[in-house]
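Data first, discussion second: the structure below is written as structure tokens.
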Amino acid sequence: MHRAIALIGPTASGKTALAVHLARALDGEVVSIDSALVYRGMDIGTAKPSAAERGGVPHHLIDLIEPTAAYSAARFRDDALAACAAILARGRVPILAGGTMLYYKALVEGLDDLPRGDAALRAAIAADAAARGWPALHAELARADPATAARLAATDAQRIGRALEVLRLTGRPLSALLQRRPPPALPFALRTIAVEPSDRAVLHARIARRFATMLAAGLIDEVRDLRARHPGLTAETPSMRCVGYRQVWAFLDGRLTGADLHDRGVFATRQLAKRQLTWLRSLPQLERIDCLGDDAPARALALARRFLEESPR
């Protein structure tokens, strides 16, 4: 059976460099598991790897759509499976790498048959949020569906809204619906390596340095340019809800000072990392390595090689 490697972890854990290291050593190609890298023109705030950082390794599922377009977990699964099939057909190894845990979950567990969106209900939920605030709706969700609410930030408007929409359409919590169907088999064997920090404070320091570097590299100008080139963009467009972009948007609208922008951006990124680590703890059968260790590249490569060289069962 064909085999692939997945490399997942929190933001700023060094996944990009590790993925390139594995791909170069194993004759592989990288398939992004990152919901922000699909957008064209969003380079600085997404830490999109440059041509130099990609090290001559082909990367897939990057720069697919404009920031005004929508992308979903369902489309990601289709695109990722197609990319992996093409890589395997070339006799190479897919290295799936990223931190969007919902996309990873969709890949390995499939997607559930949830009800289609209801525009009128979605508008009513949005109006309720405008009146009471998303934290109040998060609290409402926690009473009806504590499992879903526990993995969502109180300001995660998109996912809170969808969970409430499903609840009101079906009368059943989203968490129950997500457990109804056994996962479909992947067309290849997959070994997942989780890169996690042994010291959360060190990861937080990395996050602060990286966000400061993004600002110095022109993140504000990047968002200003996106607003000018795409009149349809709003603060509620999914691409602009990405960490960093949301805070810069508020700064450009005069709702944040420069100092607030830095602090809010760092805080939001830390919260993202916390949610990612919570996801990782809930996932079984992962090979785990310390992303802060000097031996992380060697350990990841050893784990990957061992899996690729195993005799078929």
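Could you run through the stretch 277-302 and say how many residues are in a loop (DSSP other than H, G, I, E, B) and not hydrophobic (A, V, I, L, M, F, W, C)?
Number satisfying all stated conditions: 5.
Being within 25 Å of Leu308 (Cβ to Cβ) and either touching a residue at least 40 places away in the same chain (Cβ under 8 Å) or in the same structural domain as Ala19 (by TED's automatic domain parsing) (or both): is that true of Val93 here?
Criteria met by Val93.
Can you tell me which residue in the stretch 145-204 is nearest to Thr16 (Cα to Cα), limited to those that are among the basic types (Lys, Arg) and not in a helix (DSSP H, G or I)?
Top of the filtered list is Arg191.
If you take the residues in the stretch 130-144 that are within 23 Å of Glu236 (Cα to Cα) and of a type in the set (D, E, K, R), which one is surrounded by the fewest Cβ atoms within 10 Å (Cβ to Cβ)?
Per the criteria, the residue is Arg132.
Tell me, which residue of the stretch 48-83 that is closer than 16 Å to Leu186 by Cβ and in contact with a helix residue (DSSP H, G or I) (Cβ under 9 Å, 6 or more places away or on another chain) is surrounded by the most Cβ atoms within 10 Å (Cβ to Cβ)?
Applying the filter and picking the extreme gives Phe76.
If we only count strands (runs of 3 or more DSSP E) wholly inside the stretch 1-120, which ones have 2 or more residues that are of a type in the set (Val, Ile, Thr), out of contact with any Leu (no Cβ under 6 Å at 6 or more places or on another chain) and at pLDDT 95 or above?
So the answer is 3-8.
Give the residues of the stretch 145-169 that are crowded, with 17+ Cβ neighbours inside 10 Å and more than 23 Å from Thr100 (Cβ to Cβ), sorted by residue number.
Of everything in the stretch 145-169, just one residue is crowded, with 17+ Cβ neighbours inside 10 Å and more than 23 Å from Thr100 (Cβ to Cβ), namely Leu167.
Can you name every residue in the stretch 191-201 that is loosely packed, with under 13 Cβ neighbours inside 10 Å and hydrophobic (A, V, I, L, M, F, W, C)?
Ala201
Tell me which residues, restricted to the stretch 227-241, are under 21 Å from the mean Cα position of the chain (by Cα) and surrounded by 15 or more Cβ atoms within 10 Å (Cβ to Cβ).
Leu233, Thr237, Pro238, Ser239, Met240, Arg241
The values are calculated or read from the model by the stated rules, or taken from the named source; none is laboratory data. Quick caveat, the model's predicted, so the values are computed rather than measured. Because the Cβ atoms are built from the backbone with ideal geometry, glycine has one as well, and the counts that use them run over all protein chains shown.
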